[in-house]
Amino acid sequence: MEALNSLIGPYTENTWFIMFAVPALVFSAVYMAWENILVFVEKTAFQHRDEIKRMLDLIYVDVEDQKLSLYLILCSYGLGGAMFLMCFPNFIAGLIMGAVVVFAGIKVPLMAIQSVYEKRCKKVVDQMLDGMTIMANGTKAGNPPSVAMERVIENIKGPLSQEFKLVKSKERLGMSFEEALVEMSERVPEPDVQMFVMSVNILKETGGKIDQTFETINKTIRERQKLEKKISAMTAQGVTQGIIISVVPFVLMIFFWFTDRPHIEPLFTTTYGLIMLVGIFTLQIMGGLMIKKIVTIKV
């Protein structure tokens, strides 16, 4: 590292070299390897595009493929290039920080969309408590499940109503009610939804008191949610400790920036300091993920 700094250091102090030579060298390198660069950018920036598109469709968000591709490029290489320019003329620091931002820009969009999708699935399960009660009352009155489902659509607003509307729409287009329910269980892969779909399809073939089945499903979901809340209360301390451990280093960094800047400033102005910052961020993320894995208990 010292050899590289000693090699390019005298040149980076020259203003004319920075203004003309470096852009010329970068342009020449990019021009010579343009096709390979495009292949690499497409391979890395778009590696999660299909999965993101699928999840956006599942949460009923319509985005054109071209716009989605542009957003992914801007989130990864766009922000990475901006970070590189912010660190210029510190070439090594720019490469390190730019690479970190590019990597984060590739991973974060999928994680964000997946988090929204999982929250929506949990919202569907929460609304099933009221939905199963309405369907049980409807089947007690002699209505089939498909008709009782329409009462749920009329009385409940939200993701459950959206899923039931899609089931009814596919039924009107010629798909059987059972197949439409199976597709719903694939869109919302939650155990309670799959239990509901399996129960309806089995009872439709074998017969039985479907209203009692809905009441049993309602009771099962309620008991599961009670257990989840109990586990959440028991692991709250671990979650709080994980948040505190993750936040404290950055709070101290801000505190020392305003109270003792000469000692903290080298972290942001030197190559070794920036390398240490990358290591700090990496270890903090790893520690946070490990704590999250420990305190996450699936019911």
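Throughout, read-outs are computed from the coordinates displayed, never taken from laboratory work. Quick caveat: nothing in here was measured; it's all calculated off a predicted structure. As a convention, Cβ positions derive from the backbone with ideal geometry for all residues, glycine included, and neighbour counts pool all protein chains shown.
Descending by average beta-carbon neighbour count within 10 Å, the peptides 248-254, 161-167, 220-226 line up as 161-167, 220-226, 248-254, the highest first. By the count of neighbouring beta-carbon atoms within 10 Å, fewest first, K53, K67 end up ordered K67, K53. Within the shell defined by Cβ-Cβ distances under 11 Å, the residues around S176 carry a net charge of -2, with Lys and Arg each +1 and Asp and Glu each -1. Of the GluC sites (Glu not before Pro) found in region 47-146, the ones in coil according to DSSP and having at most 11 other Cβ atoms within 10 Å of their Cβ are E64. A crude spin-label estimate for the pair M290 and L173, with each label 7 Å from Cα along the Cβ direction, gives 4.9 nm. Put in line by how crowded their Cβ is, counting other Cβ atoms within 10 Å and starting with the fewest, V295, V193 read V295, V193.
If the chain linking Q194 and Q225 were pulled fully straight, counting 0.36 nm for each residue of separation and taking away their Cα-Cα distance, it would gain 9.5 nm.
Set the bar at 18 Å for Cα to Cα. Now go through K168/K219; K226/K293; K123/K226; K53/K122; K170/K219; K140/K204 and name every pair that lies beyond it. The answer is K168/K219; K226/K293; K53/K122; K170/K219.
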